[in-house]
Amino acid sequence: MKLVYTDVLVIGGGLAGLRTAIGVKRRGLDTVVLSLVPAKRSHSAAAQGGMQASLANSAMGRGDNEDVHFEDTVKGSDWGCDQQVARMFVHTAPKAVRELAGWGVPWNRVRSGDREAVVNAEKITITESPEAHGLITARDFGGTKKWRTCYTSDGTGHAMLFTLGDQSIAHGIPVMERKEALALIHEGGRCYGAVVRDLVTGELTSFVAKATVIATGGYGRIYKVSTNGIICEGTGMGIALETGIAELGNMEAVQFHPTAIVPAGILTTEGCRGDGGVLRDVDGHRFMPDYEPEKKELASRDVVSRRMTEHMRKGKGVKSPYGDHLWLDISLLGREHVEKNLREVKDICHYFLGIDPAVDWIPVRPTQHYSMGGIRTRHTGESTALKGLFACGESACWDLHGFNRLGGNSVAETIVAGMIVSEFIADFCQSGESEISIPTALVREFHAREQARLDEILTSKGKERASDIRRRMEEIMINKVGIFRTGTELDEAVDELQDLLVRSRSLGLESRVRGANPELVGAYRLQKMLKVALCVAVGARQRTESRGAHSREDHPQRDDANWLKRTLTTWKDEGDTLPAVDYEPIDVASMELPPGFRGYGQADHRNHPDTEARLSEVTAIREQLSGADRFAIQNRLMPFDHQLPERYREKNECLEEPVEKTR
Amino acid sequence: MNKSSDQANRRETQTGISDRSARRLTIKILRHNPQDPASDPRFERYQLDEAPGMTLFIALNRIRDEQAPSLQFDFVCRAGICGSCGMLINGRPGLACRTLTNKLDPEITLAPLPVFKLIGDLSVDTGAWARQMGEKLETWVHQHKEPDIDRLEERMEPERAEEIHELDRCIECGCCIAACGTARMRKDFVGAAGINKLSRFRLDPRDERSDEDFYELIGNDDGVFGCMALLGCNDVCPKELPLQTQLAFMRRKMAKFG
């Protein structure tokens, strides 16, 4: 048995994993990053649009601050998020952008003077002040009150990932490529590392660590059409689920992005609409103002996606061999803007559609995009149920996004969570709590179990093909657990997925090679994916309300009275075909921003019994402290400083709010 | 509005998803598994019907699903962004994910990128190359002070930020290396990707390294002086980076020292 010891084992080499590894390394800990692919090829690279942080440098961002970012995020989440975490996040986001700026990300900068922009399909002139010249600028995104999304043209994720990739080389962090974690090693409610398979040689190695971090991204690939990279299969959540202990939170919260190209499902950034692009229907009519007169194309993603689907259902979609679609028109931005700020979009249109978006409209429709659900963690990033297991980024339910994530908050989360969680991991590893003295016999047991599972698949005489089952699962998910959901369809989905899970237990392979064998990989991932899919479908079936991206046609109302709570799913026994479901209430009485109307979509919800009382408390505190500075008011409403690692507690400076450093 | 019907018509005729009469494609793939001592490199032919909008990503997955379950290849973003799927497409390095089959003749030959270590079939180890390049050329901002993350960031001229991004767009797909005569002969040659990367840091005001420092890294035959100026890198770069300009520029700067 090959055995490797390290302090911190990071599974996943995208933005969240790399930033976590850098964080713990800087605290003097030994760390190893495992990645399915070369780290710089991670799905993080595909983030085009940008990263939210309330720097308030640009003219359209003036007046922005953490409070505004917080409010946008909580409303965006449809009150499903953890407000403490949202506060920690909005406070740390400006630090994250500035750290990346220092490390080399070429953020676009403010240029003083007049410039033309397209807002609401009209040309306007924006005047940038000379004092902001050279500071990081921002673009508009959906669901935000201010222009807050920092960007590098439309290659933001790429620029960030390469900067972090190179920083991890600078820090001497080993990134082991083409390695896949098959199972977590755990006993007595404590995680000790993972059994890992080399995707080239097929060899297993067991990694024993004080802390294990899952940063493997989302589960988009359980859906037939997704903007996600093909490695986003949710298997990181799968291995957590298979411990029988770790909880997954809100798996039914799945976001659809309004503008993926048809048929490839490749994303065109929200920056297209942020920069002034509009949606049109079969008649060329700009329909979003009919539905959302205030925010139009820039309502929150779940709202725009549903409005598009509604509009297509009315027969206003454009027919194509791949089903209906709508048009995204960025031609009105002008060639110069398209070629400079939306070049990836231009390339994608050129290579996949053969069109020029400076002239032609882009065929788009809503497509699976983001997983709000994930491994349920505390604010420290540690699993609520399995000690020593941490998660961050898209694979975690931290829970910043609730039931709908705002554009630009995901790449921001990867870095911010990496910063914060790595400090808590370091604290943990440097405390007596983390000491481990597990017998190698335990490791051997897990190692042998995984080897036996692989052998079983390799030698099985079963008749089922993994690729057939997988394709069926993807179809069920997109057709029955998609953008609009009903109880009947969800019942069918759950039944069918259970059948598939049973069938997946008798797979047979054509290729019985032990080393690099893509068919074998597809086979062992399949069961994990099916379990994740079942958590999504079962969570959605039980949740008889509509919140954020979870939209039940048979229960259109948001129901705070019954559903202001997180879904928790666990997989108790290997032989089960359904997850166990539990719920975690969200505490209204301690909210800084009590539940209300989001400002887009429909104002239609049932109140939680505590909402009114909390609302009057909040109003009273605000009245009592009227005139006090915003930090004092915030602190009275919902203190959060104490939950942040000490090094990130300092206030953020901005042009309108110069700050004296206290440390 | 007429524009939409114009649009629709145009889409029919111009785009990759227009429905042409289906062709029968023959895809010849170089198969070899270096892990298996019994494996000899050989071409295998696979046939499939072309579908509208088909890319090599779609074609290869279909071949693997239906005909060759052990076929190895690498894709991640399948959108031309991550650089995983560089391979020789009819002998020329390119990204398979964004290559539409209808732009090619019905017989297509695919082979792994040369120069890199072969993992199997169409999959090569560009990751090890990129890591080693990063270590050797120290491809990160060298700055003595840590950024102060609580205060206003250091200012930068907007044009400068854009110029840096322009060079920072390299996805390390390895196509330039695969197309490089020197890289085939000299295994430590840093190639266009490496030189482009250093010119990106040279341009960056945050990097405190001097030309003398850069000379230490690339002022030799494994660096700027090894290039034979065959321009292969420049011709195949999927991101259309100005590789030859950067090479010539860095060589001139480094020559001043040499």
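The conditions of being surrounded by fewer than 24 Cβ atoms within 10 Å (Cβ to Cβ) and among the hydrophobic types (A, V, I, L, M, F, W, C) are met by A:Val359. The number of residues in region A:382-393 that are hydrophobic (A, V, I, L, M, F, W, C) and assigned to a strand (DSSP E or B) comes to 3. Residue count for region B:41-55, restricted to those that are part of a loop (DSSP other than H, G, I, E, B) and within 11 Å of chain A (Cβ to nearest Cβ): 4. Could you list, ordered by first residue, the pairs with Cβ atoms under 6 Å in which the first is in region A:577-594 and buried (at least 16 other Cβ atoms within 10 Å of the Cβ) and the second is in a loop (DSSP other than H, G, I, E, B), at least 6 apart or interchain? Between residues of region A:577-594 that are buried (at least 16 other Cβ atoms within 10 Å of the Cβ) and residues that are in a loop (DSSP other than H, G, I, E, B), the close pairs are A:Pro579/A:Trp571; A:Ile586/A:Leu564; A:Val588/A:His608; A:Val588/A:Asp610; A:Glu592/A:Met638.
Set side by side, the residues A:Glu336, A:Glu423, A:Glu413, A:Glu394 differ, and just one is within 13 Å of chain B (Cβ to nearest Cβ) and charged (D, E, K, R), which is A:Glu336. Checking each residue in region A:58-74 for being surrounded by fewer than 23 Cβ atoms within 10 Å (Cβ to Cβ) and more than 23 Å from the chain's Cα centre (by Cα) picks out A:Ala59, A:Met60, A:Arg62, A:Gly63. Out of all the residues in region B:58-67, is one or more modelled with pLDDT of 95 or more, acidic (Asp, Glu), out of contact with any Cys (no Cβ under 9 Å at 6 or more places or on another chain) and not assigned by TED's automatic domain parsing to the domain that holds B:Gly232? No; the residues of region B:58-67 include none that is modelled with pLDDT of 95 or more, acidic (Asp, Glu), out of contact with any Cys (no Cβ under 9 Å at 6 or more places or on another chain) and not assigned by TED's automatic domain parsing to the domain that holds B:Gly232. Any residue that is closer than 14 Å to B:Leu137 by Cβ and either in contact with a Leu (Cβ under 7 Å, 6 or more places away or on another chain) or not in a helix (DSSP H, G or I) (or both) - is there at least one of those in region B:224-232? Taking every residue of region B:224-232 in turn, at least one turns out to be closer than 14 Å to B:Leu137 by Cβ and either in contact with a Leu (Cβ under 7 Å, 6 or more places away or on another chain) or not in a helix (DSSP H, G or I) (or both).
Yes or no, residue by residue, for (1) crowded, with 24+ Cβ neighbours inside 10 Å; (2) in contact with a strand residue (DSSP E or B) (Cβ under 6 Å, 6 or more places away or on another chain); (3) within 14 Å of chain B (Cβ to nearest Cβ); (4) modelled with pLDDT of 95 or more:
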| position | (1), (2), (3), (4) |
| --- | --- |
| A:Ala86 | yes, no, no, yes |
| A:Trp103 | no, no, yes, yes |
| A:Arg115 | no, yes, yes, no |
| A:Tyr151 | yes, yes, yes, yes |
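Of all the criteria given as (1) within 14 Å of chain B (Cβ to nearest Cβ); (2) under 30 Å from A:Ala101 (Cβ atoms); (3) within 24 Å of the chain's Cα centre (by Cα), the one not satisfied by A:Lys145 is (1). Taking helices (runs of 4 or more DSSP H) as the structural unit, those lying wholly within region B:123-209 and holding at least 1 residues that are away from chain A (no Cβ under 11 Å) correspond to B:175-178, B:181-185, B:191-203. Here is the figure for region B:56-73: residues that are facing another protein chain (nearest Cβ under 7 Å) and of a type in the set (Asp, Glu) total 1. The single condition among (1) without any contact (Cβ under 8 Å) to a residue 12 or more places away in the chain; (2) within 14 Å of chain B (Cβ to nearest Cβ) that A:Gln167 does not meet is (1).
Each row is one residue, and each column tells you yes or no for (1) facing chain B (nearest Cβ under 9 Å); (2) within 25 Å of the chain's Cα centre (by Cα).
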{"site": "A:Val303", "(1), (2)": "no, yes"}
{"site": "A:Lys314", "(1), (2)": "no, no"}
{"site": "A:Trp327", "(1), (2)": "yes, no"}
{"site": "A:Asn341", "(1), (2)": "no, yes"}
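Among all residues of region B:77-85, there is at least one that is in contact (Cβ under 8 Å) with a residue 12 or more places away in the chain, more than 9 Å from chain A (Cβ to nearest Cβ) and surrounded by 21 or more Cβ atoms within 10 Å (Cβ to Cβ). Here B:Gly91 meets each of (1) at pLDDT below 95; (2) within 29 Å of A:His350 (Cβ to Cβ) with one exception, condition (1).
Scanning region B:233-249 for residues that are assigned to a helix (DSSP H, G or I), free of Cβ contacts under 8 Å to residues at least 60 places away in the same chain and out of contact with any Leu (no Cβ under 7 Å at 6 or more places or on another chain) gives B:Asp235, B:Thr245, B:Leu247, B:Ala248, B:Phe249.
Among the residues of region A:28-57, those that are more than 9 Å from chain B (Cβ to nearest Cβ) and not in a loop (DSSP other than H, G, I, E, B) comprise A:Thr31, A:Val32, A:Val33, A:Leu34, A:Ser44, A:Met51, A:Gln52. Checking each residue in region A:554-569 for being more than 11 Å from A:Leu534 (Cα to Cα) and buried (at least 20 other Cβ atoms within 10 Å of the Cβ) picks out A:Arg558, A:Asp560, A:Trp563, A:Leu564, A:Arg566, A:Thr567, A:Leu568. Exactly one residue out of A:Glu382, A:Glu310 is farther than 30 Å from A:Met237 by Cα, away from chain B (no Cβ under 14 Å) and not hydroxyl-bearing (Ser, Thr, Tyr), and it is A:Glu310. For A:Ala253, the conditions (1) closer than 30 Å to A:Gly539 by Cα; (2) surrounded by fewer than 24 Cβ atoms within 10 Å (Cβ to Cβ) all hold with the exception of (2).
Scanning region A:19-71 for residues that are among the acidic types (Asp, Glu) and closer than 19 Å to A:Gly193 by Cα returns a single hit, A:Asp30. Comparison of A:Val513, A:Val521 shows that the only residue that is β-branched (Val, Ile, Thr), at pLDDT below 95 and more than 22 Å from the chain's Cα centre (by Cα) is A:Val513.
State whether the residues of region A:518-526 include one that is part of a loop (DSSP other than H, G, I, E, B) and among the acidic types (Asp, Glu). No: region A:518-526 contains no residue that is part of a loop (DSSP other than H, G, I, E, B) and among the acidic types (Asp, Glu).
On the given criteria, is A:Arg178 touching a Gly at 6+ places or on another chain (Cβ under 6 Å), within 14 Å of another protein chain (Cβ to nearest Cβ) and touching a residue at least 40 places away in the same chain (Cβ under 8 Å)? Spelling it out, it is not the case that A:Arg178 is touching a Gly at 6+ places or on another chain (Cβ under 6 Å), within 14 Å of another protein chain (Cβ to nearest Cβ) and touching a residue at least 40 places away in the same chain (Cβ under 8 Å). Of the residues in region A:141-158, not one is free of Cβ contacts under 8 Å to residues at least 40 places away in the same chain and touching an Asp or Glu at 6+ places or on another chain (Cβ under 6 Å).
Going by the structure shown, is A:Lys95 closer than 29 Å to B:Gly134 by Cα and charged (D, E, K, R)? When the stated conditions are applied, A:Lys95 passes them. If you go through region A:58-82 and keep only what is hydrophobic (A, V, I, L, M, F, W, C), more than 19 Å from A:Ala132 (Cβ to Cβ) and not in a loop (DSSP other than H, G, I, E, B), you end up with A:Phe70, A:Val74. Checking A:Arg365 against (1) of a type in the set (D, E, K, R); (2) surrounded by fewer than 22 Cβ atoms within 10 Å (Cβ to Cβ); (3) closer than 30 Å to A:Arg525 by Cβ, which test does it fail? For A:Arg365, the failing item is (2).
The values are calculated or read from the model by the stated rules, or taken from the named source; none is laboratory data. These numbers come from a predicted model, not from an experiment. Heads up, the Cβs are rebuilt from the backbone with ideal geometry, glycines too, and the neighbour counts pull from every protein chain shown.
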